[in-house]
Structure formats: C-alpha cells, structure tokens
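To start, the structure itself, in structure tokens.
The values are calculated or read from the model by the stated rules, or taken from the named source; none is laboratory data. Source: prediction; values computed, not measured. In this analysis, Cβ positions are derived from the backbone assuming ideal geometry, glycine residues included, and neighbour counts consider all displayed protein chains. We work out accessible area using only protein heavy atoms, side chains counted, and drop any ligands, DNA or RNA first. Shrake-Rupley method; radii C 1.70, N 1.55, O 1.52, S 1.80 Å.
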Amino acid sequence: MFSPQGPSLRELCVQALSSVERGYDLLAPKFDFTPFRTPESILGPTAQVLSELGPFDQGLDVCCGTGAGIRVLASVCRGPVTGVDFSAGMLAQARGAHPGARWVRADVRAMPFVQGFDLAVTFGALGHFLAAERPAVFEGVYRALRPGGLFAFPIGAPPSLTSVAHWVTAGFDLAMRVRNALWRPPFVMYYRTSPLPAVRDDLAAAGFAVTAAALPGLGRQRDGSPRYGLILARKPA
C-alpha cells in the first residue's frame, strides 16, 4: 500500500505517461514509500540464503533503483558493492541512503563491466524488459561476473487462475499494452512477461548453470511448492 508520504494519483499518472527513465526520475524521491519497492519480507530471506552460499567479495546490484538490494549485498560481501541503474533520480536517492557504495549510471542492456564481481543480484526488475531484451541483460551480467560468480534474484510462483492476484496482474499488463499501443514514449513494466521456464532458458543460453532455492518464511502454494524461489545462476569457474 502507499503511505501518506508516497506519490499522489496525479504524480503516478504523470509517471505512467512518461518514458521508463523519466518516470523513475520523477518517482525517485517518493519511491521508497510505494509498494513498488522490494519489501523486507523478500530482501531478508534472500540475504539469508546467500549468506549460506558466501561469503562473496565484490557485489553488483543490477537495476538498483534507490538501493534496497545494496543492504543484501553489504551483508554477504566482504568487498565493495556497486549499484547500476539508468535513472539519475533513483541513483541520487541511492547515494544519499548508502554513501559507502559505488554507483554507476548505465543501461543494463549494455553494462560496462567485465569480470569485476563475484555476486550479482536484481530485485523486481525483469518486468522492465521485453522478452527480446532479456538475453542482453543476462549476457551483460555474465560478462560482469568473475568465473565461478553467482547471479541471484527472487521470482514468485504464478498466482492461481482463481486468485485476485492473477486478475490484478493480468489487468495491469493489459492496461500497459493498451497504453503503449496508444502513447509514446512507451513505459515498459509488465508482471507476466518473465515466466520461469523462459527465464531459465535465457540464463542457460547466456552460459549460466541454473538452480533454485526456496526462500524461507514466505509460505507455500496449495500444491506444496514454495511461493517464492531464489534463482541461482552460476557462471562456470
């Protein structure tokens, strides 16, 4: 839910009618007061799983936004941590909140890093890329990691057809497709364009060996499967 410090309806409408970059520049000062920020209920379990796989040296937060994932990296990395994002506004907020981290402004579809990191993470960013763009993102992360490095990110199980979440996300994606068909520049943000099988295939095509771990404490589906998993994509040593 939005807090009283969050954006107004008018501000959200202006953002939604902007480009992705300009929209996030506008939203940045109030982003942490919106439900779009990755919640602690996901960040904490992610850090818990990664702590059992580390420690790591240098860490990279891909599409870092205001820096919510930086604390996860800082808790499991012994060396410096870096955030990369293409929104100057989001990076400005991140710098103020995490002055000890490094920040790079870049389009993650063409990241400027080569074998500089041992761990990369991303939170809630895959919906900002069309299916055709996702391979370039994964290939960039692969280049950025040292041999043996790990790329990790949480992904939720698809909601059941009878759930409110299913119809809310389906309705949102439909509204965004209509908006992007009628208005320019496009604002790419979809909830249902990164199904797990396609994500796994794109990671494998980039060269990763892919496994997954259940995120603890986030419940299970009716069939007993975890509601959230942590994708663990390892670059061969």
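Between Cys64, Cys13, Cys77, which gets the highest mean-square fluctuation from a Gaussian network model of the chain, Cα cutoff 10 Å?
Maximum among the listed residues: Cys13.
Based on the Cβ-Cβ distance of Arg143 and Phe172, what FRET efficiency does E = 1/(1 + (r/R0)^6) give at R0 = 35 Å, to the nearest 0.05?
Working from the Cβ atoms, E equals 0.60.
In nm, give the distance between the simple-model label positions of Val164 and Arg192, each being 7 Å from the Cα along the Cα-to-Cβ direction.
My value for the distance between the label points is 1.8 nm.
Per residue, what accessible area does the range 1-79 have, given a 1.4 Å probe and all protein chains present, in Å²?
48 Å²
Taking each pair of distinct Cα atoms in the range 1-144 once, what is the resulting Kirkwood hydrodynamic radius in Å?
With all distinct Cα pairs of the range 1-144 included, I get 15.6 Å.
What FRET efficiency comes out for the pair Ala97/Ser51, r = Cβ-Cβ distance, R0 = 22 Å, nearest 0.05?
For Ala97 and Ser51, the calculated efficiency is 0.50.
Take every DSSP beta bridge with both residues inside the chain and express the antiparallel ones as a percent of the total, to the nearest 5.
Details: 14 of 30 bridges.
Beta bridges within the chain, antiparallel portion: roughly 45 percent.
Would you mind classifying the range 117-203 by shape? Square roots of the alpha carbon gyration tensor eigenvalues, ordered a ≥ b ≥ c; an a/c under 1.5 is rounded, otherwise it is prolate if a/b is larger than b/c and oblate if not.
In terms of gyration-tensor shape, oblate.
With label points built 7 Å along Cα→Cβ from the Cα atoms of Val14 and Asp107, find their separation and express it in nm.
2.6 nm
Tell me, what is the percent relative contact order of the chain, built from C-alpha pairs under 8 Å that lie six or more residues apart?
19 percent
May I ask you to give the percent of accessible area on the range 1-105 that is carbon plus sulfur, with a probe radius of 1.4 Å?
Exposed carbon and sulfur together represent 57 percent of the surface.
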